[in-house]
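Trainee: One structure is given below, represented as C-alpha cells, and several questions about it will come after.
The values are calculated or read from the model by the stated rules, or taken from the named source; none is laboratory data. For clarity, every value in this text was computed on a predicted model and none was experimentally measured. All Cβ positions, glycine included, derive from the backbone under ideal geometry; neighbour counts span all protein chains shown. When the accessible area is computed, the model is the full protein with side chains, heavy atoms only, and any ligands, DNA or RNA have been set aside. Shrake-Rupley method; radii C 1.70, N 1.55, O 1.52, S 1.80 Å.
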Amino acid sequence: MNPSHSVIFNIKPGGKLQGSLRVPGDKSISHRSIMFGSLAEGITQVTGFLEGDDALATLNAFRQMGVRIEGPDNGRVTIHGVGMQGLKAPKEPLDVGNSGTSMRLLCGLLAGQGFEVTLVGDRSLSGRPMRRVTTPLEKMGANIEATDAGTAPLVIHPVDHLQGIDYPMPVASAQVKSCLLLAGLYAQGKTSTTEPAPTRDHTERMMSGFGYDIQREGAKATLSGGGHFTACNLDIPADISSTAFFLVGATIAEGSDLMLEHVGINPTRIGVINILREMGADIEVLNERDAGGEPVADLHVRSSKLKGINIPEDQVPLAIDEFPAIFIAAACAEGETILTGAEELRVKESDRIQVMADGLIALGIDAQPTPDGMIIKGGEIQGGTVGSHGDHRIAMSFAIAALRASGEITITDCANVNTSFPGFVSLAAKAGLNISSAS
Ligand code: S3P
C-alpha cells in the first residue's frame, strides 16, 4: 500500500485556537541553505532548518554528491562546503520524493557539472511539468532528457559548457528563476531572468548573503558565472506557508487568540496576510526584525468575521502556496470570493483547484472551479470525508476547516503532511484543534 494512503486525520468539530507557537522552518529557505552551504567555501551553520521530507530530500541529495552534512538535530545543520567545483557524481539516481523545489532547482544547479546525474520523484512529482526548466536550460546549452510528456525522470548529461542567457520568464515561478540563476553560476557570461510578476526572492537574497554578486533591477535578476560562495550562518524563520493554516484557523474559530512566533514575512510571501486582512481578518504584525537577510515578525491573530472578496491578481504569486487555506477562509466568509489568474494551482502537488473544490463540495459548500481559479460562496461547513490526494496543504486546510464544521471531518492520504510540516497534528492539537491521526 502506498504509505501516503495509510494516514488518516479525524477532526472533531468546533474548538478555538489559543496560546503561542512557532511552526517549523521555512521550506524554501531550508532547501536553499543546503544548496548554497554545500557549494560554499567553509562551514555553514544553519538553525531553524525544516526537518520535513522535502528539505531532507535536498539534504540527502547533497550527501549523495559527497558533501559532509551534520544533523539535522533540532533544526541545527552543519554543512562542510565543498566549493563550486567540489560536488561528486552520485552512485545512484537522486530521489527527491514529492519535492518540486528540489527537482527544479537541482536541475539548474546540476546542468553545468562535469558528471551525469538522474533526478527521480514520486508519482505526483513525476506528473508535474519540467519543460519550464528544461527548455531554457537547453537554450543555455544543457543536455537534459525527460519523458515525452516533459516530466521526470530527468537525466542530466554533462556538456562542454553552458552559455548565459537573458530569459523573459513565461510563468511567474521562483523555481524557474532560481533554476536558471543556479545554472548561471556555471555558465559563461551573464545570466538574466525577468519575471512577469514578483515571486519569492530567497535565492537572490541568499546569494548576496553568501557573498555572490547578483544585481536586481525591478523584475530582472542578473549574475555572471565563475564566482564563489563564502560560508555564513543562517537562522531560518518559521514558514509563513505553514503559519497560514493557523492564521485561517484562528480567524474562523470564534474566541481564538493566537501568537505565531518568528514568522518569515518576506514581502514576496505575505499575500496570505494581505488577502485575509482584506477579507476582514484581525492580524497584527509585531516585533518586525531581520534574521540573516530575511524579515521576520510575530503575528497576533484573533477571530473575526470575514467577507467575500475578489482576490487581487497581483497577490496570487505572493500567496501561491496558501490558496488551499484561503479557500477555507472563503468558505466561512459572508458572500462570494472569486479567485482568478491562478492556473498555476492546477500543477502543484495536486490540482489544487479541482481537489479543493471537490472537498469543499463534499462538505456542503458551494464551490465552482474555473480554469484559473474558483468561485466560493460562504456557507455552513458540514462534516464528511475528504480526499487530500496526498497533497500536504490540502490535508492541513481541511483539518482547520473542522473548527467551523457542524460534524466530524475525516481526511485521507495524509502522510505527505510530513513533507512540509512534521509535527502538525501535535502542534495543532496543542493550540486547540480536536485532531487525531491514525494509520
Ligand atoms: C517555491 C516556489 C513556488 C512554490 C513552492 C516553493 C520555491 O513554486 O509553490 O512551494 O521554493 O522556489 P513555483 O515557482 O512553481 O511557483
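Trainee: Which of (1) out of contact with any strand residue (DSSP E or B) (no Cβ under 6 Å at 6 or more places or on another chain); (2) hydrophobic (A, V, I, L, M, F, W, C); (3) open to solvent by less than 30 Å² (accessible area, probe 1.4 Å) does VAL347 not meet, given it meets every other one?
Mentor: Looking at each condition in turn, VAL347 falls short on (3).
Trainee: Let me ask something else. If only one of LEU306, LEU339, LEU318 is surrounded by 22 or more Cβ atoms within 10 Å (Cβ to Cβ), modelled with pLDDT of 95 or more and away from the ligand (no atom under 16 Å from the Cβ), which one is it?
Mentor: Numbers: LEU339 fails: away from the ligand (no atom under 16 Å from the Cβ); LEU318 fails: away from the ligand (no atom under 16 Å from the Cβ).
Testing whether each residue is surrounded by 22 or more Cβ atoms within 10 Å (Cβ to Cβ), modelled with pLDDT of 95 or more and away from the ligand (no atom under 16 Å from the Cβ) leaves just LEU306.
Trainee: Conditions: (1) part of a loop (DSSP other than H, G, I, E, B); (2) charged (D, E, K, R); (3) surrounded by fewer than 17 Cβ atoms within 10 Å (Cβ to Cβ). ARG216 meets all but one. Number of the miss?
Mentor: (1)
Trainee: Does at least one position in segment 294-301 carry a residue that is modelled with pLDDT of 95 or more, within 16 Å of the ligand (Cβ to nearest atom) and assigned to a strand (DSSP E or B)?
Mentor: Looking through segment 294-301, at least one residue is modelled with pLDDT of 95 or more, within 16 Å of the ligand (Cβ to nearest atom) and assigned to a strand (DSSP E or B).
Trainee: Of the residues in segment 42-81, how many are in a loop (DSSP other than H, G, I, E, B), open to solvent by less than 10 Å² (accessible area, probe 1.4 Å) and farther than 22 Å from GLY209 by Cα?
Mentor: 2
Trainee: Condition check: more than 16 Å from the ligand (Cβ to nearest atom) and either assigned by TED's automatic domain parsing to the domain that holds LEU299 or of a type in the set (S, T, N, Q) (or both). Does SER242 satisfy that? Explain how you work it out, then say what you get.
Mentor: On the way: more than 16 Å from the ligand (Cβ to nearest atom): no; either assigned by TED's automatic domain parsing to the domain that holds LEU299 or of a type in the set (S, T, N, Q) (or both): yes.
Criteria not met by SER242.
Trainee: A further question on this structure: Check segment 146-163 and report whether any residue there is away from the ligand (no atom under 16 Å from the Cβ) and in contact with a Cys (Cβ under 8 Å, 6 or more places away or on another chain).
Mentor: Of all residues in segment 146-163, those away from the ligand (no atom under 16 Å from the Cβ) come to 146-149, 153, 155-163.
Checking which are in contact with a Cys (Cβ under 8 Å, 6 or more places away or on another chain) leaves us with 156.
Within segment 146-163, one or more residues are away from the ligand (no atom under 16 Å from the Cβ) and in contact with a Cys (Cβ under 8 Å, 6 or more places away or on another chain).
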